[in-house]
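*Asks:* I have a structure here, written as structure tokens, and I will follow up with some questions on it.
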């Protein structure tokens, strides 16, 4: 009998707590926190490890009448981030480390209104990655015109098969 290595699974997550404003996003604007942070996902089993993202979820702390249409870009190295609500302008170096992206556009309703919540689920992604560090990285970009709530929280959760 041959040796058959086994993989591991994990759930990797990070979130953005938006700045305390209600400034409308245009399509192509980056969504970040007040510090303009990059999302960091502990997806690989070991530093420099590989794996496959099998599904992803975005949970929005607000259930607005007009939902966000978000795209989460994933990178193997830390990308350049811009301030919240400014156009995303990726460099060639950023795009050279692009793993893939996940769209969050179909939302399941949770509690209604600004005090409510909703979630978007992306299944069957099968996005392979080869990390250069102990994490993979993400940037969220709005794809529609969206009026956020002050301090709105976007939580991104990924199911990962680790090699």
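The values are calculated or read from the model by the stated rules, or taken from the named source; none is laboratory data. Keep in mind that what you see is a predicted model, and the values were worked out from it rather than measured. Here the Cβ positions follow ideal geometry from the backbone for every residue, glycine too, while neighbour counts run over all protein chains shown.
*Asks:* Do the conditions hold for residue 30, that is, is it surrounded by fewer than 19 Cβ atoms within 10 Å (Cβ to Cβ), assigned to a strand (DSSP E or B) and touching a residue at least 40 places away in the same chain (Cβ under 8 Å)?
*Replies:* no
*Asks:* Touching a residue at least 24 places away in the same chain (Cβ under 8 Å), crowded, with 16+ Cβ neighbours inside 10 Å, under 15 Å from the mean Cα position of the chain (by Cα) and closer than 17 Å to residue 52 by Cα: is that true of residue 98 in this structure?
*Replies:* So residue 98 fails the test.
*Asks:* Still on this structure, I have one more. Which of the residues belonging to region 55-78 are out of contact with any strand residue (DSSP E or B) (no Cβ under 6 Å at 6 or more places or on another chain) and over 19 Å from residue 152 (Cβ atoms)?
*Replies:* Result: 77, single match.
*Asks:* From the list 79, 68, exactly one residue is within 17 Å of the chain's Cα centre (by Cα), more than 19 Å from residue 128 (Cα to Cα), in contact (Cβ under 8 Å) with a residue 12 or more places away in the chain and in a loop (DSSP other than H, G, I, E, B). Which is it?
*Replies:* 68
*Asks:* Give the residues of region 33-45 that are in contact (Cβ under 8 Å) with a residue 12 or more places away in the chain and more than 18 Å from residue 157 (Cα to Cα), sorted by residue number.
*Replies:* 34, 36 - these are the residues of region 33-45 that are in contact (Cβ under 8 Å) with a residue 12 or more places away in the chain and more than 18 Å from residue 157 (Cα to Cα).
*Asks:* Considering only residues that are in contact with a helix residue (DSSP H, G or I) (Cβ under 9 Å, 6 or more places away or on another chain) and at pLDDT below 95, which ones fall in region 104-156?
*Replies:* Going residue by residue through region 104-156, those that are in contact with a helix residue (DSSP H, G or I) (Cβ under 9 Å, 6 or more places away or on another chain) are 139.
If the condition is that a residue be in contact with a helix residue (DSSP H, G or I) (Cβ under 9 Å, 6 or more places away or on another chain) and at pLDDT below 95, then no residue fits.
*Asks:* May I pose another question? Does residue 62 count as touching a residue at least 60 places away in the same chain (Cβ under 8 Å), buried (at least 18 other Cβ atoms within 10 Å of the Cβ) and out of contact with any helix residue (DSSP H, G or I) (no Cβ under 9 Å at 6 or more places or on another chain)? Reasoning before the result, please.
*Replies:* Values: touching a residue at least 60 places away in the same chain (Cβ under 8 Å): yes; buried (at least 18 other Cβ atoms within 10 Å of the Cβ): yes; out of contact with any helix residue (DSSP H, G or I) (no Cβ under 9 Å at 6 or more places or on another chain): yes.
When the stated conditions are applied, residue 62 passes them.
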